[in-house]
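Written out below as C-alpha cells is the structure these notes cover.
The values are calculated or read from the model by the stated rules, or taken from the named source; none is laboratory data. Bear in mind that the values here come from a model prediction, so they are computed numbers and not experimental data. When we count neighbours, we look across all protein chains shown, and the Cβ atoms used for this are built from the backbone with ideal geometry, even at glycine. We work out accessible area using only protein heavy atoms, side chains counted, and drop any ligands, DNA or RNA first. Shrake-Rupley method; radii C 1.70, N 1.55, O 1.52, S 1.80 Å.
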Amino acid sequence: MSTMDGTVFPYYTVVETTHPYSFDSQGLIMSQTVQGPSDLVEGFVITFTLETYLGQYIFLILYDSSEKNTFITYFENDFPGTTLPAMTIPLSSFYIELRSFYFVENQYGFKMTCYPIARHSATPVIIEGNSAATGGGIAMDYTNNFAVLLNTVLSSNQATGTAGGGAYFRNMNTGPSLTAVTFDSNSAVDGGGGAWFSTSHFGLQLANCTFSNNIVSNYGRGGALLFSNDNGDGMLTSGNEVAVTSSIFTANKAGVGGALFLSISNVVTVQTSVFSANEASIGDGGAILMDELNQITLQESVVEGNFATVNGGGLVAIATNKLFITNSTFTGNTANGTGGALSLSGGSLGTITGHVYIIDNSASLNGGGVAIINSPLLALVPPAAYMHLCSNHASRGSALFITGLVESTNSVTNVTFADNSASVGGTVFWLADSSMSSPPPGVTVSDPSVGVQWGSNAAAYGPRVATQAVGLSGPDTVPIQTYNAPLSPPLEITIYDYYDQFVPINATTTVSASVAVPVLQHTACTSYPYLSGSDLTGAGVGMESGYARFAALSAVCSPGGWMDVMFTAAVGDVVGTGVQSQQSQSQSQSYSVSNSTRLEFRACIAGEVQTDGQCVPCADGSYNLEALVPCDSCFDNVGIDHCNADQLVLREGFW
C-alpha cells in the first residue's frame, strides 16, 4: 500500500500517493479518512494535482463516514481540480479510496488537498476598508491555481483605478473556490464592484456566498461580479466554466449588469440562488447581462425586484448567447425599455425545462415578461417544460414581445397567459414588418390555441395577440354631390393591425390626403383634379382614439369623373425596435401606412351647366330642362313668370 501524508486539522488535509504507486489484491491503491471537528467544519472543498497522466482505468470513490454509502465516483483522470472544477463536499468527515481496474502500476502519483469549510458560527476573516488601483481587498494575478477563500468578509474595499472592488483574480486562476464569502459595500470604477475574474477562470466555484450593496460607478459593468476574457494583451480566451450555488446577490448596482456581467465565452451554472433588488443604472441587465457567446444555466433560482434603465430588468442576452432556465422564477423586475424579466436579442437562444414562472414584471415599452429581438422563440423541452406568464405589464406585449424572429423549430406552446395588461396592445405582440411578415409559430387569436392557456388579459386592443398598425381603413368610394365644398358627411379614416383589429391611436399619428400618383392612372377628370381645404395644412389631421375625421376637405374634378385620394398615416405612436446595446436607449421609429378612397363626382343634372370643369347651376332668371344644355332666359319666353335652374313658374293661362 502507498503511504500517505496528512497535515494537522483544522488548516487543511493533504492526501498523497507514493511514486510509483502500488495496489493490493483488490486493486486498492490507497484509502484515507478525512475527519474534521463537526462543531467547526460543515464540509470540504477538494482539489487534485496530478504529477502527470495518472493512467487509464483508475477510479476514485468518496464515501460518507460509514464507508458504505457512495457519495460520488470519478473515473480515470477526470478529477476535481484537473479536468473538473474543484468539488464541495457537505460532510465534516468522509472516506476516500483510489482503485485500479486492471492492476497496472504507474510511476506517477497524485495529491489531493482538502480545504475545510468553516461553519457559519465560526468567526470569519474580515478584509475591510482597503483600496488599490485594482483589487481593493484581494488581488491575485497569474497562475494562482485552485485558490480557496473560506468564511471571509470583504467589506468597503475600493478599486480606485479599474475593477475588482473586493477581489481581483486575473490570468490562469484555474479552479478557485469561494465558500461562505461575503462581499459587501465594495466599489470599483470600471467593473466588478464585488469581484472581477479576468481570463481563464476555469472551475471557479462560488458556494454560500453573499454579494450585497456593491457598486460600480458610471458606465461600469457588473455591480457584484464581472467575468471578462481579456488577458490584458488584447487576447480572448474561452472555456471559463463557473458554478454558483446557494448564493445571494442583492442591492448591487452598476451602469450595466447590476449584479452579474458576462463579457465573452463564459459558461456559468447558477443553482438555488437569488438575485434581488439589483440595478443597471444607465443601461441593460438589472440583475444579469450576457454580452456575447456566453452560456448561463439558472436552476431552482429566483430573480426578483431588479431594475434596468433600458432593457432586461431581470436578464438581458445581447448577442449569440445561450440561456437555460429550470424551475426558476422571475418576478417584480422592471425595465424602462424592453423586456421586464427577460430580453433576448442578437440570435440568443433561451431553453426552458421544468416549470418557469414569469410573474408581475413590467416594461415601459415592450415585453413586460419576455422580449425576443432578432432571436429564436424560447425552446421548451418536453414533456414537463411549462412557462407561466402572468400579471406582467407593458405598453405592448404585456407578457411576450417578438420582433425579427429567427427561424427555428420552436413554437409558442406549453404556456399560460393570465392577468397580464397592456396599456396599448397585445398580451403577445409581434412586430409585422419586412423581417417578419407572418405570425410566430403557435401564436393565434383563435380559441383554443394548441398548447396555450388564455386567462383574463387586458389591452387597449388585441387582448390576446396584436401587432402594430399595418394599414388604414376608409370607404372604398365616396359620392361627391357638391362641387368644391367640404365633404359631407366628413370622411373618416381608421387604422388597424395585422388581425384587422381597430387600433386606438391618438394625436401622435397624423393622416394626410393627396391625389394619388401618377395622376393619369388614378383619375378620370377632363380638368386637372385637386384637393383644397384646411385639412391639408401642416402634417394633416391628427388621430383621435383611432379616427381621423376630414371635415374641411374639398375636391374638384370634372362632372361624372372620379379621382383616387391617397390617405397616409405617419404613425408616431409606434413600437420601439428594442435593439440592445450596453448603453443604448430604445428609439421609436416612425413609419407610414396608406389607403386610397375613390371620390366619384356626379354628372351634371337638369338646371346645371358645365363651366370650367364643374357643374354650375343656371343663373337666376335662366334655366334648362336637360343636363349640359345651355341655359335659356326666362324673360325671352312670354309664358314664364320666373325660373331658376330647372324650375319654371308659368304665368296663368300657360299651364
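Within the range 279-301, restricting attention to residues that are more than 20 Å from GLY350 (Cβ to Cβ) and not small (Gly, Ala, Ser), the residue that is surrounded by the most Cβ atoms within 10 Å (Cβ to Cβ) is GLU279. Applying the criterion of being assigned to a loop (DSSP other than H, G, I, E, B) and at pLDDT 75 or above to the residues of the range 140-175, the residue that is nearest to PHE261 (Cα to Cα) is GLY164.
In the range 492-517, the qualifying residues are those that are open to solvent by 70 Å² or more (accessible area, probe 1.4 Å) and assigned to a loop (DSSP other than H, G, I, E, B), and the one that is modelled with the lowest pLDDT is ALA507. For the range 397-426, a tally of residues being closer than 22 Å to GLY346 by Cβ, touching a Leu at 6+ places or on another chain (Cβ under 8 Å) and open to solvent by 20 Å² or more (accessible area, probe 1.4 Å) returns 4.
How many of the residues in the range 176-199 are of a type in the set (A, V, I, L, M) and modelled with pLDDT of 90 or more?
Result for the range 176-199: 4.
Within the range 596-639, the set of residues being in a strand (DSSP E or B) and farther than 30 Å from GLY471 by Cα comprises GLU608, VAL609, GLN610, THR611, GLN614, CYS615, VAL616, PRO617, SER622, TYR623, ASP632, SER633. Out of all the residues in the range 560-568, is one or more farther than 30 Å from CYS604 by Cα, in contact with a strand residue (DSSP E or B) (Cβ under 8 Å, 6 or more places away or on another chain) and touching a residue at least 12 places away in the same chain (Cβ under 8 Å)? Yes - at least one qualifying residue is present in the range 560-568.
Within the range 428-453, if we keep just the residues that are crowded, with 19+ Cβ neighbours inside 10 Å and closer than 17 Å to TYR386 by Cβ, the residue that is modelled with the highest pLDDT turns out to be VAL428. Restricting attention to the range 518-544, the residues that are at pLDDT 85 or above and either touching a Pro at 6+ places or on another chain (Cβ under 8 Å) or assigned to a helix (DSSP H, G or I) (or both) total 5.
Pairs meeting the criteria (first residue in the range 412-429 and part of a strand (DSSP E or B), second residue open to solvent by less than 20 Å² (accessible area, probe 1.4 Å) and among the aromatic types (Phe, Trp, Tyr), beta carbons under 6 Å, at least 6 apart or on different chains) are GLY425/TYR461; PHE429/PHE401. If we scan the range 259-266, do we find a residue that is within 19 Å of CYS390 (Cα to Cα), aromatic (Phe, Trp, Tyr) and open to solvent by less than 10 Å² (accessible area, probe 1.4 Å)? Within the range 259-266 (the criterion being within 19 Å of CYS390 (Cα to Cα), aromatic (Phe, Trp, Tyr) and open to solvent by less than 10 Å² (accessible area, probe 1.4 Å)), the answer is no, since none of the residues qualifies. Just the residues that are in contact with a strand residue (DSSP E or B) (Cβ under 6 Å, 6 or more places away or on another chain) and either among the β-branched types (Val, Ile, Thr) or open to solvent by 30 Å² or more (accessible area, probe 1.4 Å) (or both), please, taken from the range 543-558. Selection gives TYR547, ARG549, VAL556.
Scan the range 334-377 for residues that are of a type outside the set (S, T, N, Q) and either open to solvent by 20 Å² or more (accessible area, probe 1.4 Å) or not in a strand (DSSP E or B) (or both) and the total you get is 18.
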